[in-house]
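Beneath this line is the structure, given in structure tokens, with notes to follow.
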Amino acid sequence: MRSWHSAEGIEVRWYPLVDSTNDVARLWAVDGAADGSVVVADEQTAGRGRRGAVWVCPAGEGLAFSQILRPGMPRALWPRLALIAGLAVAKTLEKYAMAAEVKWPNDVLIGGKKVAGILVESIDDAVIVGVGLNVNVADFPEEIADTATSLLRETGLEQDRRILLEQLAQSIRSHASRAERDFPELLEQLRERCALSGKRVSLWLGNDAVMADVIGIGDRGELVVERDGRTEALMQADQIRIIR
Ligand code: BTN
């Protein structure tokens with residue numbers, strides 16, 4: 001394991017191989033890691049996605065990292081961090097001249113394809129923001145070849161993963177620190193990058209597969225949809241797919 005402090009004072013621990021960076025970060029958080037600390041790994045044996053999915057990325061080609069946040073806001077507002085992390089990742093990618101969108105709640109897309117996924121978990125006094133970003137991935141397995149992309153595929157350029165990691169970590173930490181006071185402004189930035197607004201989608205609500213028309217993101221960060229002539233505010237939905 002290599003460890004260092006970024007120019008902004010963020011402590012980074014970079015491992016060759018872990019089970020899941022979220023799990024390593026959780027242990028470190030319990031052990032007193034400072035706000036913003038980052039665990040990153042070249043390879044994960046048990047990388048997790050949302051809703052029990054697995055997250056796989058070829059060793060050394062992506063960025064799999066987890067950032068420990070210690071929010072200075074009431075716990076009831078912590079769910080905001082899941083949305084804000086997606087926004088922070090999208091805005092960082094824009095610095096590389098890429099138009100990134102956020103597919104609610106926090107998948108990051110380029111050209112309609114997923115470039116990053118985010119898994120947020122919380123413990124007593126910390127939030128673990130786990131980010132999987134396809135950086136220098138040239139080829140994807142057939143099952144996801146049509147729906148996934150990487151920075152390399154979009155730009156033809158290999159990126160320095162350490163530089164990118166430090167930019168992402170700084171961006172997530174600074175956006176998170178604004179989550180209480182500046183939420184309306186951050187939501188506005190999210191709406192400008194919303195991949196779902198105006199789209200017809202299929203999604204799962206509990207055990208039901210439904211179709212809906214997305215109106216946009218509401219003032220609490222919820223997805224506002226129209227379904228069977230009624231407007232609904234969704235705090236949670238699974239497997240959202242854009243139909244048109
Ligand atoms: C998703 O799209 O479902 C979320 C994927 C999150 C993957 C990242 S990789 C780093 C961190 N460690 C994990 O086990 N998962 C997250």
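Restricting attention to the stretch 203-220, the residues that are within 17 Å of ASN106 (Cα to Cα) and either assigned by TED's automatic domain parsing to the domain that holds ALA126 or buried (at least 19 other Cβ atoms within 10 Å of the Cβ) (or both) add up to 3. If you check GLU188, GLU158 for being within 19 Å of ARG80 (Cβ to Cβ), exposed (fewer than 13 other Cβ atoms within 10 Å of the Cβ) and at pLDDT 95 or above, only one passes: GLU188.
For every residue, the table says whether it meets (1) away from the ligand (no atom under 13 Å from the Cβ); (2) open to solvent by less than 80 Å² (accessible area, probe 1.4 Å); (3) among the hydroxyl-bearing types (Ser, Thr, Tyr).
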| residue | (1), (2), (3) |
| --- | --- |
| ASP31 | yes, no, no |
| ALA34 | yes, yes, no |
| VAL38 | no, yes, no |
| VAL54 | no, no, no |
| CYS57 | no, yes, no |
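Condition check: under 19 Å from ALA195 (Cα atoms) and open to solvent by 60 Å² or more (accessible area, probe 1.4 Å). Does ILE144 satisfy that? For ILE144, the condition - under 19 Å from ALA195 (Cα atoms) and open to solvent by 60 Å² or more (accessible area, probe 1.4 Å) - is met. Among all positions in the stretch 124-131, there is at least one residue which is more than 16 Å from the chain's Cα centre (by Cα), over 20 Å from THR155 (Cβ atoms), within 16 Å of the ligand (Cβ to nearest atom) and not hydroxyl-bearing (Ser, Thr, Tyr). Taken together, GLN67, GLN44 contain a single residue that is open to solvent by 30 Å² or more (accessible area, probe 1.4 Å), within 12 Å of the ligand (Cβ to nearest atom) and either within 29 Å of GLY156 (Cα to Cα) or in contact with a His (Cβ under 7 Å, 6 or more places away or on another chain) (or both), which is GLN44. The requirement of being over 27 Å from ALA53 (Cα atoms) and either out of contact with any strand residue (DSSP E or B) (no Cβ under 9 Å at 6 or more places or on another chain) or not small (Gly, Ala, Ser) (or both) is fulfilled somewhere in the stretch 140-156, by at least one residue.
The residue that is most open to solvent (accessible area, probe 1.4 Å), counting only those in the stretch 105-116 that are within 12 Å of the ligand (Cβ to nearest atom) and outside any strand (DSSP E or B), is PRO105. If you go through the stretch 128-156 and pick out every residue that is touching a Ser or Thr at 6+ places or on another chain (Cβ under 8 Å) and acidic (Asp, Glu), you end up with 0.
Among the residues in the stretch 1-18, are any within 12 Å of the ligand (Cβ to nearest atom), within 18 Å of the chain's Cα centre (by Cα) and farther than 16 Å from LEU168 by Cα? The answer is no; no qualifying residue exists. Can you confirm whether VAL40 is over 18 Å from LEU164 (Cβ atoms) and of a type in the set (A, V, I, L, M)? For VAL40, the condition - over 18 Å from LEU164 (Cβ atoms) and of a type in the set (A, V, I, L, M) - is not met.
Residue-wise test of (1) closer than 13 Å to LEU168 by Cα; (2) at pLDDT 95 or above; (3) not polar (S, T, N, Q).
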{"residue": "GLY47", "(1), (2), (3)": "no, yes, yes"}
{"residue": "GLY52", "(1), (2), (3)": "no, no, yes"}
{"residue": "LEU69", "(1), (2), (3)": "no, yes, yes"}
{"residue": "ALA82", "(1), (2), (3)": "no, yes, yes"}
{"residue": "GLY86", "(1), (2), (3)": "yes, yes, yes"}
{"residue": "ASP124", "(1), (2), (3)": "no, no, yes"}
{"residue": "ILE128", "(1), (2), (3)": "no, yes, yes"}
{"residue": "GLY132", "(1), (2), (3)": "yes, yes, yes"}
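Restricting the stretch 19-29 to residues that are within 11 Å of the ligand (Cβ to nearest atom) and either in contact (Cβ under 8 Å) with a residue 40 or more places away in the chain or under 15 Å from GLN67 (Cβ atoms) (or both), which is most open to solvent (accessible area, probe 1.4 Å)? Selected residue: ARG26. Considering every residue within the stretch 95-104, establish whether at least one is open to solvent by less than 40 Å² (accessible area, probe 1.4 Å) and within 22 Å of PRO58 (Cα to Cα). So far as the stretch 95-104 goes, no, none of its residues is open to solvent by less than 40 Å² (accessible area, probe 1.4 Å) and within 22 Å of PRO58 (Cα to Cα).
The values are calculated or read from the model by the stated rules, or taken from the named source; none is laboratory data. As the structure is a prediction and not an experimental result, all values here were calculated from the model. Heads up, the Cβs are rebuilt from the backbone with ideal geometry, glycines too, and the neighbour counts pull from every protein chain shown. With ligands, DNA and RNA removed, areas are computed over all heavy atoms of the protein, side chains included. Shrake-Rupley method; radii C 1.70, N 1.55, O 1.52, S 1.80 Å.
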